[in-house]
Amino acid sequence: MEERITMVHGSGGAATSELIDAIFAKEFASDTLDKMEDSAVVEGAGRIAVTTDSFVVTPVTFPGGDIGRLCICGTVNDLLMRGAKPKYITCGFILQEGLEVSKLKEIVHSMAECAKEAGVEIVAGDTKVVSGNGELFINTAGVGFVPKDREVSAERVCVTDTVIVSGNLGDHHAAILGTRMGIANHIQSDNAPLGEIVDALFQAQIDVHAMRDITRGGLATVLKELAKASHTTIELEEEKLPVTPQVKDFCGLLGLDPLYMGNEGKLVAIVPASQAEEAVLAIKSAKYGQDACIAGYVTDKEPGKLYLKTRIGGLRNLEVLQGEGLPRIC
Ligand code: MG
């Protein structure tokens, strides 16, 4: 096969078949996909969760991950946040002419590995080639099954609930920005599938009211949206927020606020106060959850508001992220 993607790889003819055989079919092989039909027919369940996402991150490989791993994590995590068990993924690749085939191979391999880790099957896919300068974009859809009687939704957030964060804030954002700016440090993206954490919570019989993965816009944006949707007040405690010393230094250097920086492998869970300690222990026992902690509380002070209790005892009103934080972070 040639070394770079050319327009002929998008022709739908022999070159497209060669591309599919050499790269996608090998990595994504499964009973469903190997049939090469126009659509996948799969087993279903009572209630299904459906999501879609597009990935345009630049650079496509970064410390701790790449666009292939990221697209699986982003998709399964959105399913998991509704209490669903992720089952199926579809992926549409938009390749620009000039993309190195070896780079594409590396990304597709990483995607297949991450799908295995997350326990999802890639059941359908598509490839298009457009002119450009060798960039790569991926669109996905995800399907998951929601167990009977499981209801995880912003509507269930209530006063007296506790806010739990599964780990350190800002890592993905700092890894991408640091790479783009050529700042030498050891910060790695946290891109990870959160299935083990979610399983651990339900196995411990925690009555999880709501969950969100902390992505673009950061923890503040996610919680402000939850406060608005549930007509409650959320109060975060600054001294409890987990941030690594490296990310703290990075933020200090560039004047960034970890509350508004994206992760790709962290979640915030809203649980009854009586189960909060138990929920933290459950998350800590799971892969990617070792730094979990209580970060704040839900109250009825001022519906729709998000506050940060600062270290010196002040109260800071937090809004959603204003303007563009960091373009093409995911
Ligand atoms: Mg989400």
Whichever aspartates and glutamates have a C-alpha closer than 13 Å to that of K266, once near sequence neighbours (fewer than 8 apart) are set aside: D78, D171, D190, E196, D213, D291
With Cα springs under 10 Å, the Gaussian network model of the chain assigns the largest mean-square fluctuation among C71, C251, C158 to C251
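Please order D21, D291 by the number of other Cβ within 10 Å, starting at the fewest.
Placing the least packed residue first, the sequence is D21, D291.
Report the net charge of residues surrounding D66, where surrounding means a beta-carbon distance below 13 angstrom and charges are Lys +1, Arg +1, Asp -1, Glu -1. Working shown, then result.
Details: positive: R69, K103, K105; negative: E106, E113, E264.
Residues close to D66 contribute a combined charge of 0.
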What is the spread of the Cα atoms of the range 47-89 along each of their three principal axes, largest first, in whole Å? 37, 17, 15
Which of D300, D171, D53, D38 comes first, and how do the rest follow, when ranked by fewest Cβ neighbours within 10 Å? D38, D300, D53, D171
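For a distance above 19 Å, tell me the whole-number percent of Cα pairs in the range 154-317 that qualify. Can you show the working numbers first?
Values: 7026 of 13366 pairs.
Pairs farther apart than 19 Å: 53 percent.
Under the classification rounded if a/c is under 1.5, otherwise prolate if a/b is larger than b/c and oblate if not, where does the range 67-220 fall, given a ≥ b ≥ c as square roots of the Cα gyration tensor eigenvalues? It would help to have the intermediate numbers written out before the result.
Working: a/c = 2.45, a/b = 1.51, b/c = 1.63.
Because a/c hits 1.5 or more and a/b fails to exceed b/c, the range 67-220 counts as oblate.
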What percent does the relative contact order of the chain come to when contacts are Cα pairs within less than 8 Å and at least six residues apart? 22
Which of these, A184, A227, A154, has the largest mean-square fluctuation under a Gaussian network model of the chain (Cα springs below 10 Å)? A184
Report the relative contact order of the range 98-208, percent, no decimals, based on alpha-carbon pairs under 8 angstrom and at least 6 residues apart. 25
Using a 10 Å cut-off around each Cβ, can you sort D190, D257 from fewest to most neighbouring Cβ atoms? D257, D190
Binned at 20 Å from 0, what are the whole-percent values of the Cα-Cα distance distribution for the chain, short to long? 31, 54, 14, 0
Bridge orientation stat for the chain from DSSP, antiparallel percent rounded to 5, came to 75
Calculate the radius of gyration of the Cα atoms of the range 39-146 to one decimal place, then report Dmax, the largest Cα-Cα distance, as a whole number, both in Å. 14.0, 45
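No value in this document is a laboratory result; all are computed from the given coordinates. Here the structure is a predicted model, which means the values were calculated and not measured. Here Cβ is always computed from backbone atoms with ideal geometry, including for glycine, and neighbour counts include all displayed protein chains.
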